[in-house]
1. In the set Asp210, Asp189, which member is in the same structural domain as Leu129 (by TED's automatic domain parsing) and at pLDDT below 95?
2. In this structure, is Leu389 within 22 Å of Asn12 (Cβ to Cβ) and either surrounded by 21 or more Cβ atoms within 10 Å (Cβ to Cβ) or assigned by TED's automatic domain parsing to the domain that holds Arg512 (or both)?
3. I need the full set of residues from the range 374-420 which are aromatic (Phe, Trp, Tyr) and free of Cβ contacts under 8 Å to residues at least 60 places away in the same chain, in order please.
4. Only one residue in Ala291, Ala312 is modelled with pLDDT of 95 or more, within 17 Å of the chain's Cα centre (by Cα) and surrounded by fewer than 24 Cβ atoms within 10 Å (Cβ to Cβ). Which one?
5. Just a yes or no: is a residue in the range 537-558 among the acidic types (Asp, Glu) and either farther than 29 Å from Arg174 by Cβ or in contact with a His (Cβ under 7 Å, 6 or more places away or on another chain) (or both)?
6. Which of the residues that make up the range 540-561 are within 16 Å of the ligand (Cβ to nearest atom) and either in the same structural domain as Thr363 (by TED's automatic domain parsing) or not in a strand (DSSP E or B) (or both)?
7. Scan the range 191-245 for residues that are among the basic types (Lys, Arg) and either in contact (Cβ under 8 Å) with a residue 24 or more places away in the chain or over 23 Å from Gln598 (Cβ atoms) (or both) and jot them down.
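The values are calculated or read from the model by the stated rules, or taken from the named source; none is laboratory data. Keep in mind it's a predicted model, so treat the numbers as computed, not measured. Here the Cβ positions follow ideal geometry from the backbone for every residue, glycine too, while neighbour counts run over all protein chains shown.
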Amino acid sequence: MTSQIDHLLSENRRFAPPEEFARGAVAQADLYDAAAADREAFWGRQAKDLLTWAEPFSEVLDWSNPPFARWFADGRLNVAYNCLDRHVEAGNGDRVALLWEGEPGDSRAVTYAELTDEVKRVANVLTELGVDAGDRVAVYLPMIPEAIAAMLAVARLGAIHSVVFGGFSADSLRARIDDAGAKVVITADGGYRKGKVSPLKPAVDMALADRGGQGPQATVEHVLVVRRGQNEVEWTPGRDIWWHEAVPAASAEHTAQAFDAENPLFILYTSGTTGKPKGIQHTSGGYLTQAAYTHRNVFDLHPETDVYWCTADVGWITGHTYVTYGPLANGATQVLYEGTPDTPHPGRWWEIIQKYGVTIFYTAPTAIRSFMKIGRQVPQGFDLSSLRLLGSVGEPINPEAWVWYREVIGGGSTPIVDTWWQTETGAIMISALPGVTETKPGSAQVPLPGITVDVVDDAGAHVGNDAGGLLVVTEPWPSMLRGIWGDPERFVETYWEKFSDKGFYFAGDGARRDEDGDIWLLGRVDDVMNVSGHRLSTAEIESALVAHEATAEAAVVGASDETTGQAVVAFVIIKQSYLDKHSPDGLAQALRAWVSEQIGPIARPRDVYIVGELPKTRSGKIMRRLLRDVAEGREVGDTTTLADTAVMSVISAQVR
Ligand code: WT7
């Protein structure tokens with residue numbers, strides 16, 4: 001870490017916004033002054049200006065029972081109405097909402113009027129299926145327009161969606177369905193990935209299969225199935241319904257009812273430090289306010305002329321806030337792409353930018369680094385001159401990747417916004433404003449107007465410039481998580497206990513302020529890994545590994561990786577009976593495949609090392625720090641607190 005930090009701090013390139021961009025920018029420097037003058041009044045204004053309320057709110061923030069915040073609590077609105085109907089009513093029904101591109105090359109343009117119509121029909125179908133306000137609906141879909149329609153239809157009814165990334169396994173899906181008590185699952189037969197159909201419905205069938213009395217019955221009553229992959233699927237009559245039969249047959253009349261601003265909007269599961277994913281809960285008015293505000297100001301959105309593209313899947317928070325809610329609340333035109341960046345050729349993304357004239361592009365550092373590896377000749381084969389703003393999210397972006405992104409993709413002139421936030425924060429918290437901030441490659445820099453963060457020491461004291469510590473949010477913000485589904489204690493314990501005397505939100509990230517006070521994010525300080533911008537828990541992968549019959553014990557660490565940021569590296573002790581019969585290579589392969597099946601391909605370890613022992617303290621705690629040294633090929637650090645100090649040399653020898 002130290003060498004990485006030194007390297008970051010020697011970065012001193014600066015990029016001022018192009019003059020013309022600055023002049024026409026949505027967000028000007030006075031936005032900071034407005035927020036600083038009266039933060040709550042500022043958010044109240046954003047909520048009124050950006051959203052349409054069925055009933056106005058009289059109070060901006062109720063923080064009388066921290067850490068349980070209530071924003072705009074006596075206001076009422078319908079989230080889907082804000083993303084759809086009001087644009088049609090304003091005469092923009094013919095504006096394209098979605099420029100959808102399927103992986104095989106099929107495409108569809110969906111206008112705001114068409115999407116509104118579709119969402120009304122889906123809402124009517126869901127009502128038929130018994131979905132009411134407050135009910136949970138799981139969404140397990142590929143990146144197709146129906147995914148967005150499904151989310152908005154659930155929101156329209158005041159129900160709660162739980163989108164599960166299509167790359168998650170049947171087991172992971174079932175765990176999320178059970179935790180939320182979902183009544184309906186919306187899925188597809190399959191979707192295109194890497195040139196072939198990746199089936200989804202079979203995973204839903206497996207997830208919902210009767211477990212012969214083992215554990216509770218699934219709560220799901222109906223499965224609504226979009227036909228996309230044309231792959232064979234099994235059918236459970238009475239439970240399963242085809243989207244293409246039910247939705248077109250339903251009425252397109254549906255009046256959106258208003259719900260309280262604090263009505264739950266969605267649950268989204270994310271990894272924490274334990275083996276069990278947390279259901280992060282978000283609500284309506286505050287979430288949508290900050291989603292719209294950040295999307296407009298950070299991405300400098302001019303909805304009449306911009307073509308925006310965020311490459312995230314709706315299965316992640318980035319897809320929720322910057323594919324579904326932010327852009328649609330703002331009436332944007334956006335690209336939605338189903339597939340992988342390199343199918344059928346490595347220039348697919350650049351081809352899409354050229355085809356649709358994308359002006360604003362938002363992606364993750366891991367993608368940028370993998371394009372860097374392929375070489376600039378690929379993007380240089382396409383016309384990317386429509387781009388005027390680039391964004392980055394998910395993990396720290398190394399200055400080399402930042403500069404490459406600007407030079408090769410941004411033609412050497414586009415501003416880059418490096419946006420720090422989390423599933424829990426709901427929307428962007430730290431970022432440059434593209435027409436205002438002089439940007440520094442590798443630094444997320446400054447909190448947005450209306451957001452207050454700090455870098456503090458273990459006791460919660462401000463560290464000052466040129467010093468490192470922990471990132472905290474010092475005051476509540478509109479799109480903050482309202483809790484962990486079914487577990488208020490874990491909510492308090494995870495985020496609020498560490499700095500309870502100060503009332504700070506503990507983000508779990510290390511950070512540093514440079515000599516100007518700008519913030520540099522340095523990665524997680526807990527047992528959470530960040531692999532390709534996706535959050536994975538060491539404990540969750542360890543419990544998958546020990547669930548395999550060959551495994552006696554396992555320890556997982558996140559090791560730095562040139563492309564994916566971090567990679568999953570597992571150290572596993574195998575039972576003697578298996579060691580006698582199988583080769584270490586065969587066992588390592590089998591365990592990698594096992595984790596992929598149990599959790600999903602994103603969790604598959606890059607390396608599995610079969611070892612004889614694990615480094616433990618006298619109290620039995622595994623010292624992951626030492627394993628990380630081995631995984632990253634470094635000299636092993638201080639081992640004096642180990643119960644057996646010889647263990648590490650044995651492990652190092654076994655790994656080599
Ligand atoms: C964690 C949150 C926010 C959407 C995608 C990830 C890391 C996120 C940045 C950034 C440095 C970043 C943090 C954070 N992270 N963006 N711009 N610079 N680190 O959401 O899965 O909830 O993960 O991602 O470590 O805590 P998530």
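1. Asp210
2. It is false that Leu389 is within 22 Å of Asn12 (Cβ to Cβ) and either surrounded by 21 or more Cβ atoms within 10 Å (Cβ to Cβ) or assigned by TED's automatic domain parsing to the domain that holds Arg512 (or both).
3. Phe382, Trp402, Trp404, Tyr405
4. Being modelled with pLDDT of 95 or more, within 17 Å of the chain's Cα centre (by Cα) and surrounded by fewer than 24 Cβ atoms within 10 Å (Cβ to Cβ) holds for just one of Ala291, Ala312, which is Ala312.
5. Within the range 537-558 (the criterion being among the acidic types (Asp, Glu) and either farther than 29 Å from Arg174 by Cβ or in contact with a His (Cβ under 7 Å, 6 or more places away or on another chain) (or both)), the answer is no, since none of the residues qualifies.
6. Glu540, Ile541
7. Passing the criteria: Arg193, Lys194, Lys201, Arg227, Arg228, Arg239.
Here is a yes/no grid of residues against (1) more than 17 Å from Lys278 (Cβ to Cβ); (2) of a type in the set (Lys, Arg); (3) in the same structural domain as Arg45 (by TED's automatic domain parsing); (4) at pLDDT below 95:
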residue: Ser431; (1), (2), (3), (4): yes, no, yes, no
residue: Lys440; (1), (2), (3), (4): yes, yes, yes, no
residue: Ala444; (1), (2), (3), (4): yes, no, yes, no
residue: Glu489; (1), (2), (3), (4): no, no, no, no
residue: Tyr495; (1), (2), (3), (4): no, no, no, no
residue: Arg512; (1), (2), (3), (4): yes, yes, no, no
